[in-house]
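Below: one structure, written as structure tokens.
The values are calculated or read from the model by the stated rules, or taken from the named source; none is laboratory data. Note that this is a predicted model, so its numbers are computed, not measured. Positions of Cβ are backbone-derived with ideal geometry, glycine not excepted, and every protein chain shown enters the neighbour counts. These accessible areas exclude ligands, DNA and RNA; they are computed on the full protein's heavy atoms, side chains included. Shrake-Rupley method; radii C 1.70, N 1.55, O 1.52, S 1.80 Å.
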Amino acid sequence: MSQPKSKKETIKYKKWFNLNPRKRGEREREREMEVNLGSLPFGLDFHPSDQLVAAALITGDFHLYRYSADAAPLKLLDVHAHDDSCRAVRFINGGKAIVTGSSDHSILATDVETGSPIARLENSHEDAIYSLINVTEFTIASGGDEGCIKVWDTRQRTLCSSFNAHEDYVSDMTFVSDAMKLLGTSGDGTLSVCNLRKNTVQTRSEFSEEELTSVVLMKDGRKVVCGSQSGTLLLYSWGYFKDCSDRFTGFSPNSVDVLLKLEEDRIITGSDNGLISLAGILPNRIIQPIAEHSEFSIEGLGLSHDRKFLGSISHDLKLKLWDLDDILQGSKLTVSQADVPDSDSDEMDVDTKGTTNKGASKGHAVSSSNNFFADL
């Protein structure tokens with residue numbers, strides 16, 4: 001298991017965090033743009049090929065902005081998409097449409113060019129929608145507060161699969177295309193693995209003591225990393241999901257609410273203290289804090305299509321766009337690979353406990369006759 005961050009790391013982390021706020025603010029203003037969204041944001045997403053970014057708001061609206069390196073972001077759309085809060089937003093169909101999920105149980109597809117509604121699915125989940133991700137070019141997955149994960153075909157407007165994967169809200173998901181597996185994390189403290197070929201919940205991890213908030217696939221598919229409310233990162237070896245193979249406690253006691261994969265061995269984290277940090281995986285270490293969005297929790301992170309900008313949203317009601325090269329500059333010079341011992345090999349671990357989960361629910365394929373995005 002990983003040891004807590006070293007004294008050297010702790011000193012460096014606190015030194016940056018305790019930097020004179022005025023000096024820290026001056027540094028950050030030089031390398032970020034910001035937009036006052038006017039309401040609490042719950043999600044953001046970047047266009048897959050254009051300089052566009054969308055933000056989902058508690059009011060049920062979503063905003064669309066055009067950004068550039070030499071000008072302030074320009075608002076293109078302000079759409080009232082839902083009667084209740086807009087919790088998640090994603091570009092779909094190659095960026096031609098935006099799909100949003102709401103606590104009113106609905107999913108809406110909106111035309112990016114005109115802002116006009118394309119189609120709406122009412123009562124997509126029994127409870128509020130918490131998360132949305134792209135699965136393939138024409139399929140998306142939604143996660144609800146009731147713990148159900150659903151996969152939708154955006155062309156045929158049909159429900160493909162439904163998985164009773166969790167007992168609490170689905171906080172995050174990631175799709176593994178080579179294996180056709182959908183990984184999910186939940187407030188019930190478990191990691192689920194949904195097999196899209198067999199339409200079943202293949203397995204679910206043992207319950208952890210903390211809510212799991214986010215999930216990314218690292219180390220060329222060999223490791224699954226989950227964030228948690230305790231600030232501990234849980235590492236699972238691929239194929240052995242029953243129990244984690246490693247725990248990194250470097251961020252404790254601050255909750256790690258968002259994980260964003262940067263490279264196969266480096267991730268960007270967003271914490272409830274407003275800090276955005278760069279961390280290494282195997283060896284596990286906090287490389288350095290790279291930005292401070294605000295004193296409030298980070299709600300979302302994203303990378304622009306060209307990886308030039310990092311986007312962040314927080315409870316300060318602002319969307320910030322950071323020059324990624326600038327905030328990462330010097331990170332390779334500040335921490336040695338040897339700062340924290342590598343307690344886990346990059347090779348596949350063997351889990352002698354097995355992977356059978358009797359509590360996992362079985363998903364079911366749904367006939368294409370089921371309605372999706374009923375035409376408005």
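Observations, loosely collected:
- Looking across the range 233-254 at every residue that is over 15 Å from residue 192 (Cβ atoms) and open to solvent by 10 Å² or more (accessible area, probe 1.4 Å), the one that is nearest to the chain's Cα centre (by Cα) is identified as 254.
- Within the range 254-276, residues that are at positive phi have Cβ atoms under 6 Å from residues that are open to solvent by 20 Å² or more (accessible area, probe 1.4 Å) in these pairs: 274/292; 274/295; 274/296, counting only partners at least 6 apart in sequence or on another chain.
- Filtering the range 163-173 to residues that are surrounded by fewer than 20 Cβ atoms within 10 Å (Cβ to Cβ) and assigned to a strand (DSSP E or B) leaves only 164.
- Residue 146 vs. criteria more than 22 Å from residue 104 (Cβ to Cβ) and surrounded by fewer than 22 Cβ atoms within 10 Å (Cβ to Cβ): no
- Test: residue in the range 287-310 that is farther than 30 Å from residue 38 by Cα and either assigned to a loop (DSSP other than H, G, I, E, B) or over 17 Å from the mean Cα position of the chain (by Cα) (or both): yes
- Residue selected from the range 151-190 under the condition among the hydrophobic types (A, V, I, L, M, F, W, C) and under 16 Å from the mean Cα position of the chain (by Cα), by the criterion nearest to residue 106 (Cα to Cα): 170
- Within the range 37-62, residues that are in contact (Cβ under 8 Å) with a residue 12 or more places away in the chain have Cβ atoms under 7 Å from residues that are of a type in the set (Lys, Arg) and open to solvent by 30 Å² or more (accessible area, probe 1.4 Å) in these pairs: 37/318; 42/87; 43/87; 45/90; 51/66; 52/66; 56/87, counting only partners at least 6 apart in sequence or on another chain.
- Members of the range 297-325 that are under 16 Å from residue 273 (Cβ atoms) and hydrophobic (A, V, I, L, M, F, W, C): 298, 301, 313
Residues are listed down the side, and each one gets a yes or a no for (1) buried (at least 22 other Cβ atoms within 10 Å of the Cβ); (2) at pLDDT below 95; (3) part of a loop (DSSP other than H, G, I, E, B):
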residue: 43; (1), (2), (3): yes, no, no
residue: 59; (1), (2), (3): no, no, yes
residue: 62; (1), (2), (3): yes, no, no
residue: 66; (1), (2), (3): no, no, no
residue: 73; (1), (2), (3): no, no, no
residue: 87; (1), (2), (3): yes, no, no
residue: 119; (1), (2), (3): no, yes, no
residue: 142; (1), (2), (3): yes, no, no
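- Filtering 112, 35, 53, 99 for residues that are in contact with a helix residue (DSSP H, G or I) (Cβ under 7 Å, 6 or more places away or on another chain) and open to solvent by less than 50 Å² (accessible area, probe 1.4 Å) leaves a single hit, 112.
- Look at (1) open to solvent by less than 10 Å² (accessible area, probe 1.4 Å); (2) under 16 Å from the mean Cα position of the chain (by Cα) and you find that residue 193 fails only one, number (2).
- Of all the residues in the range 220-276, those that are within 29 Å of residue 317 (Cβ to Cβ), among the acidic types (Asp, Glu) and part of a strand (DSSP E or B) number 1.
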